[in-house]
Amino acid sequence: MTQQPQDLRQQTLDLVLAAPGATDGSQNTALTRAWLAALDDEDLVGISPASLGPVLLDGFARAATRTRAGCRIEALRYPDGNGWQATALLILNEDMP
């Protein structure tokens, strides 16, 4: 049985929430939830929550700890489920909501 994209989103979010120190109201969790919601369903096909969750947690944690003003770009690389690596760019800019 094939998993539905919404199930994959929830499983990935559950993995992020299971990380040490993670809470449902944390900034990293909120960023992860927003990023997963913005993904198109076809972008989730074949992706394992176990491979995506740690990448998101690490990438958002690095981005959230920026030490200087201005734009911050983090490249999030994860297996796409087809034997390739996918890259998502996380762009944080303090003057953009």
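Bear in mind that the values in this text are calculations on the coordinates, not laboratory data. This is a predicted model, so every value here is computed, not measured. We place every Cβ from the backbone using ideal geometry, glycine too, and count neighbours over all the protein chains shown.
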**OP:** Once you have the Cα-Cα distance between Ala18 and Val45, take 0.36 nm times their residue separation minus that, and quote the gain in nm to one decimal.
**Re:** 7.4 nm
Original post:
If you place +1 on the Cβ of every Lys and Arg and -1 on the Cβ of every Asp and Glu, how big does the dipole about the Cα centre of region 1-92 come out, in debye to the nearest 20?
Top reply: 560 debye
Original post:
Listed highest first by mean packing, meaning other Cβ atoms within 10 Å per residue, what order do 33-39, 6-12, 67-73 come in?
Top reply: 6-12, 33-39, 67-73
Subject >> Packing rank of 54-63, 78-87, where each peptide gets the mean count of other beta carbons within 10 Å, highest leading >> reply: 54-63, 78-87
**OP:** Report ³J(HN,Hα) in whole Hz for each residue of region 35-51, in order, from the Karplus equation J = 6.51 cos²θ - 1.76 cosθ + 1.60 where θ = phi - 60°; Gly and Pro get x.
**Re:** 5, 5, 5, 7, 5, 5, 4, 5, 6, 9, 4, x, 7, 8, x, 5, 8
Subject >> Label corresponding to log10 I(q)/I(0) by the Debye sum over Cα atoms at q = 0.13, 0.23 Å⁻¹ when calculated from the structure given, among [x] -0.41, -1.14; [y] -0.44, -1.28; [z] -0.38, -1.29 >> reply: [y]
